[in-house]
Amino acid sequence: MNMGTTKTDIYTDQQNLMAQMAKALGHPARIAIIQYLLEQDSCFCGDLVLEIGLAQPTISQHLKALKTAGLIKGNVEGTSVCYCIDFEKWDLMKNLLSPLLNRTTTQLKNCC
């Protein structure tokens, strides 16, 4: 057994999905991409290069990570890909993470 292997099978499907989505948001460029897509409805990779200021291959890597997590989708239009938020997955992520993020901590003791 590889010591670096994560034992994802000991966690629930829901926990693994939440972690996958959170990991996809774990870079400021990806947050910027999501924010841009939420404002624009859709865009092409070239739009993001101009908006965010990163190189096209770097933007493409970030788009791939967001697409792999299911948070965005891409549709081929001619020789380009038009990206947009996958609202079904976006709503799923909000529904999964909201109970965790909205949990009240006022009753807990500050023991650390």
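The values are calculated or read from the model by the stated rules, or taken from the named source; none is laboratory data. Everything quoted here is computed from the prediction, not taken from an experiment. FYI the Cβ positions are ideal-geometry reconstructions off the backbone, even for glycines, and counts take in every protein chain you see. The area values use the complete protein model at the heavy-atom level, side chains included, leaving out ligands, DNA and RNA. Shrake-Rupley method; radii C 1.70, N 1.55, O 1.52, S 1.80 Å.
General observations
- Members of the stretch 56-86 that are out of contact with any Cys (no Cβ under 7 Å at 6 or more places or on another chain), within 16 Å of residue 24 (Cα to Cα) and of a type in the set (D, E, K, R): 64, 67, 86
- For the stretch 34-44, taking the residues that are touching a residue at least 40 places away in the same chain (Cβ under 8 Å) and open to solvent by less than 40 Å² (accessible area, probe 1.4 Å), the one that is farthest from residue 77 (Cα to Cα) is identified as 34.
- Whichever residue in the stretch 93-112 is closer than 21 Å to residue 21 by Cβ and free of Cβ contacts under 8 Å to residues at least 12 places away in the same chain and, among such residues, is most open to solvent (accessible area, probe 1.4 Å): 103
- Strands (runs of 3 or more DSSP E) lying entirely in the stretch 20-112 (those with 1 or more residues that are within 25 Å of residue 8 (Cα to Cα)): 72-77
- Count of the stretch 6-19 residues which are part of a helix (DSSP H, G or I) and free of Cβ contacts under 8 Å to residues at least 60 places away in the same chain: 7
- Scanning the stretch 45-92 for residues that are open to solvent by less than 60 Å² (accessible area, probe 1.4 Å), in contact (Cβ under 8 Å) with a residue 24 or more places away in the chain and among the polar types (S, T, N, Q) gives 58, 80.
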